[in-house]
Amino acid sequence: MAPIRRSLQAWQLGETSDGRHLAASAARYAAATDDPAYRDVIDLFIREEQRHGALLGRILDDAGIPRRQADWGDTLFRRLRYSITDIEVWTTPVVMVETLAMIYYNAVRRATGSPVLRAVCAQILADEVPHVQLQCERLAVLLRHRSRARFHLTMLAHRMLFLVVMLLVWAGHHRALRAGGYTWTHYRRASYAKMGRAWQRMDPHRYVWT
């Protein structure tokens, strides 16, 4: 656990949000767009993320590792989320973090000898796939009526933001990522490969609208 201990403490804290701000934003959006199913789906999304935090918390407890009450990366991300009420602006960094989470949990799975932690990582990785798909499809809905020029400008802003998020995750978790076999170059390439597929999924021109 030594190479991943502090990182796992921080990531577990990040998975334990109560989701109140997101639920409120989703409810307002659902009411404004007459899409109550979106609110229900977000409630399920929040519960599943909380389940991830609970699983990681049990791993820490069983290993005798105290749970952290604060972390600079988690504090930064929470403040960003709490200041945002627009669903598009909220969803964009969430897609990026969820995408990078797949790399992170794969690294932890490879770094640990614990079969329990490996199983938890495998379950979280399986859950993250539909999470990313859900958020990308919602962004495609939100970007549907944007002109092609504005869409390309949006994607340029995405790339700039993703670079920042990717660097922040590396800064906070590079020791765990390296323990799982991710050098900076490997991490960067894997991050852009996964995010590239996410960007394709959020392109409204790839969907048939009825």
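Using R₀ = 35 Å, calculate the FRET efficiency as 1/(1 + (r/R₀)^6) where r is the Cβ-Cβ separation of Arg5 and Asp43; round to 0.05. Efficiency for this residue pair is about 0.60. Under a model in which nothing but the beta-carbon of Lys, Arg (+1) and Asp, Glu (-1) is charged, the chain shows a dipole of about 780 debye around its Cα centre. Percent of accessible area on the chain owned by carbon and sulfur, 1.4 Å probe? Heavy-atom surface of the chain belonging to carbon and sulfur, 1.4 Å probe: 56 percent.
For the range 8-152, the convex hull spanned by the alpha carbon atoms encloses 115 Å³ per residue.
In whole percent, what relative contact order does the range 51-196 give with Cα contacts below 8 Å and a gap of six or more residues? With pairs under 8 Å counted, the relative contact order is 33 percent.
What FRET efficiency, computed as 1/(1 + (r/R0)^6) with R0 = 25 Å and r the Cβ-Cβ distance, is obtained for Arg148 and Ala32, rounded to the nearest 0.05? E(calc), rounded to 0.05, equals 0.45.
Dipole of the chain computed with +1 at Lys/Arg Cβ and -1 at Asp/Glu Cβ about the Cα centre; of Ala30, Ala111, Trp184, farthest Cα towards the positive end is Trp184.
Considering all C-alpha pairs of the range 72-210, those separated by over 23 Å amount to 38%. For the pair Leu156 and Asp86, label points projected 7 Å from Cα toward Cβ lie 1.7 nm apart. Annotation for His186 and Arg67: the two label points, set 7 Å from Cα along the Cα-Cβ direction, are 3.2 nm apart. Springs join every pair of Cα atoms under 10 Å in this Gaussian network model of the chain, and among Leu22, Leu125, Leu153 the largest mean-square fluctuation is at Leu153. Gain in length, Gln123 to Ala171, computed as 0.36 nm per residue apart minus the alpha-carbon separation, to one decimal in nm? Fully extending the segment from Gln123 to Ala171 adds 14.7 nm. When every Cα-Cα distance of the range 143-210 is counted in 5 angstrom steps from zero, the calculated P(r) takes the values 3, 15, 22, 19, 14, 10, 8, 6, 2, 0 percent. Taking Cβ atoms as reference points and 10 Å as the exclusive limit, the residues near Leu60 contribute a net charge of +2, counting Lys and Arg as +1 and Asp and Glu as -1.
Per residue of the chain, the DSSP helices (runs of n ≥ 4 H) give a summed -39500 (n - 2.57) that works out to -27000 deg cm²/dmol at 222 nm. For the range 1-65, the mean projected area of the C-alpha convex hull, equal to one quarter of the hull surface, is 4.5 nm².
The values are calculated or read from the model by the stated rules, or taken from the named source; none is laboratory data. What you see is a predicted model, and the numbers here were worked out from it, not measured in a lab. All Cβ positions, even for glycine, are placed from backbone atoms using ideal geometry, and neighbour counts span all protein chains on display. Note: areas computed on protein heavy atoms with side chains; ligands, DNA, RNA excluded. Shrake-Rupley method; radii C 1.70, N 1.55, O 1.52, S 1.80 Å.
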